[in-house]
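**Student:** Handing you this structure, nothing more for now.
The values are calculated or read from the model by the stated rules, or taken from the named source; none is laboratory data. No experiment lies behind these values; they were computed from the predicted model shown. Cβ placement follows ideal geometry from the backbone for every residue including glycine, while neighbour counts extend to all protein chains displayed.
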């Protein structure tokens, strides 16, 4: 079995759903996570999640030393631009792992190994989107040339030393990496025009796995059945993610982006629908109850938050 370490470095304040994020990590015991953070240690941390607590200033100083830059951004969200460099920044932590990668914390994981099996874990880069490098989950094989791929991005140093936030089209972790690794010449050309990234060597865009995992509802893209109707109710039970619309199909994870607030959303269809931003609290149950009897419950995730149900309800 190929070993995996996922980084989810995060500074600020844990979101209300973070405990449920951790429970979905716990249900994937053969995958490991590492989070550098200034947030307090949460209750009942799973054994496969490591928290490395430090101030954001200390984190920035560490990054600056490892990369030989001055990384002192205005906002912690700029950590996303560091993801292509994680193999260098966290070189000591990834030793012994076959794959390392990154993920957001606004996700609820399903059974990762059931989808990212040994056949998938033979590729150089693994993205949860079909055409772009996914910020909410991307894996890289732990090899030197992949850890150092970011050195070919012409603007990486200037981007990190600019303290101001950047637009998505200038992001290093999604737009620029897509210009290097995308599976089709057309996509690489589109993103190279957008980012100014060099024409990549063949090895960067061969043996990669770009497969749409249908993780993010309410976007302008059609759903997996080709319709504009996206599932608005999802269920998590014992590490399995399903929804109200797609029958017995299970999913790699649910990306909460458009549940928590309108972001990349189809405003014509979903723009006026309520989001968690309008709720006092999106968590409608006590996680301790779920931890005590996981086989007896499932979690329903909808526009009104996360709710605990009797497992027989499904």
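**Student:** In this structure, is residue 25 farther than 25 Å from residue 242 by Cβ, surrounded by 18 or more Cβ atoms within 10 Å (Cβ to Cβ) and out of contact with any helix residue (DSSP H, G or I) (no Cβ under 9 Å at 6 or more places or on another chain)? First the steps, then the outcome.
**Tutor:** Working: farther than 25 Å from residue 242 by Cβ: no; surrounded by 18 or more Cβ atoms within 10 Å (Cβ to Cβ): yes; out of contact with any helix residue (DSSP H, G or I) (no Cβ under 9 Å at 6 or more places or on another chain): yes.
Criteria not met by residue 25.
**Student:** To continue, here is another question. For residue 121, are the conditions met, namely being within 30 Å of residue 26 (Cβ to Cβ), assigned by TED's automatic domain parsing to the domain that holds residue 36, outside any loop (DSSP other than H, G, I, E, B) and modelled with pLDDT of 95 or more?
**Tutor:** Numbers: within 30 Å of residue 26 (Cβ to Cβ): yes; assigned by TED's automatic domain parsing to the domain that holds residue 36: yes; outside any loop (DSSP other than H, G, I, E, B): yes; modelled with pLDDT of 95 or more: yes.
The answer is yes for residue 121.
**Student:** Sort out which residues of the stretch 289-302 are part of a helix (DSSP H, G or I) and surrounded by 11 or more Cβ atoms within 10 Å (Cβ to Cβ), and write them in order of number.
**Tutor:** Of everything in the stretch 289-302, those that are part of a helix (DSSP H, G or I) and surrounded by 11 or more Cβ atoms within 10 Å (Cβ to Cβ) turn out to be 289, 290, 291, 294, 296.
**Student:** If I ask for residues that are surrounded by fewer than 16 Cβ atoms within 10 Å (Cβ to Cβ), in contact (Cβ under 8 Å) with a residue 60 or more places away in the chain and outside any loop (DSSP other than H, G, I, E, B), which ones from the stretch 158-171 would you list?
**Tutor:** 161
**Student:** Let me ask something else. Scan the stretch 232-257 for residues that are assigned to a loop (DSSP other than H, G, I, E, B) and surrounded by fewer than 19 Cβ atoms within 10 Å (Cβ to Cβ) and report the count. It would help to see each step written out before you state the result.
**Tutor:** If we filter the stretch 232-257 for residues that are assigned to a loop (DSSP other than H, G, I, E, B), which is where we start, we get 232-233, 238-239, 244-250, 252, 256.
Those left that are additionally surrounded by fewer than 19 Cβ atoms within 10 Å (Cβ to Cβ): 232-233, 238, 244-250.
The number of residues fulfilling the criteria is 10.
**Student:** In the set 224, 269, 312, which member is free of Cβ contacts under 8 Å to residues at least 60 places away in the same chain, surrounded by 12 or more Cβ atoms within 10 Å (Cβ to Cβ) and more than 30 Å from residue 99 (Cβ to Cβ)? Talk me through it step by step, then tell me what you get.
**Tutor:** Numbers: 224 fails: more than 30 Å from residue 99 (Cβ to Cβ); 312 fails: surrounded by 12 or more Cβ atoms within 10 Å (Cβ to Cβ).
Selected residue: 269, the only one of 224, 269, 312 that is free of Cβ contacts under 8 Å to residues at least 60 places away in the same chain, surrounded by 12 or more Cβ atoms within 10 Å (Cβ to Cβ) and more than 30 Å from residue 99 (Cβ to Cβ).
**Student:** Also: If I filter the stretch 258-285 down to residues being assigned to a loop (DSSP other than H, G, I, E, B) and in contact with a strand residue (DSSP E or B) (Cβ under 8 Å, 6 or more places away or on another chain), which single residue comes out as nearest to residue 214 (Cα to Cα)?
**Tutor:** Our first condition is that a residue be assigned to a loop (DSSP other than H, G, I, E, B); within the stretch 258-285, this holds for 261-266, 271-275, 279-282, 284-285.
With the extra rule that they be in contact with a strand residue (DSSP E or B) (Cβ under 8 Å, 6 or more places away or on another chain), the set shrinks to 279, 281-282, 284-285.
Working: 279: 26, 281: 26, 282: 23, 284: 25, 285: 27 Å.
The residue in question is 282.
**Student:** Quick one: would you say residue 88 is surrounded by fewer than 24 Cβ atoms within 10 Å (Cβ to Cβ) and in contact with a helix residue (DSSP H, G or I) (Cβ under 7 Å, 6 or more places away or on another chain)? Break it down into steps so the answer makes sense when it comes.
**Tutor:** Working: surrounded by fewer than 24 Cβ atoms within 10 Å (Cβ to Cβ): yes; in contact with a helix residue (DSSP H, G or I) (Cβ under 7 Å, 6 or more places away or on another chain): yes.
Spelling it out, residue 88 is indeed surrounded by fewer than 24 Cβ atoms within 10 Å (Cβ to Cβ) and in contact with a helix residue (DSSP H, G or I) (Cβ under 7 Å, 6 or more places away or on another chain).
**Student:** Assess whether residue 81 counts as being under 17 Å from the mean Cα position of the chain (by Cα) and assigned to a loop (DSSP other than H, G, I, E, B).
**Tutor:** Details: under 17 Å from the mean Cα position of the chain (by Cα): yes; assigned to a loop (DSSP other than H, G, I, E, B): no.
So residue 81 fails the test.
**Student:** Something else: Within the group 217, 222, which residue is over 17 Å from the mean Cα position of the chain (by Cα) and outside any helix (DSSP H, G or I)? Talk me through it step by step, then tell me what you get.
**Tutor:** Working: 217 fails: over 17 Å from the mean Cα position of the chain (by Cα).
The conditions single out 222.
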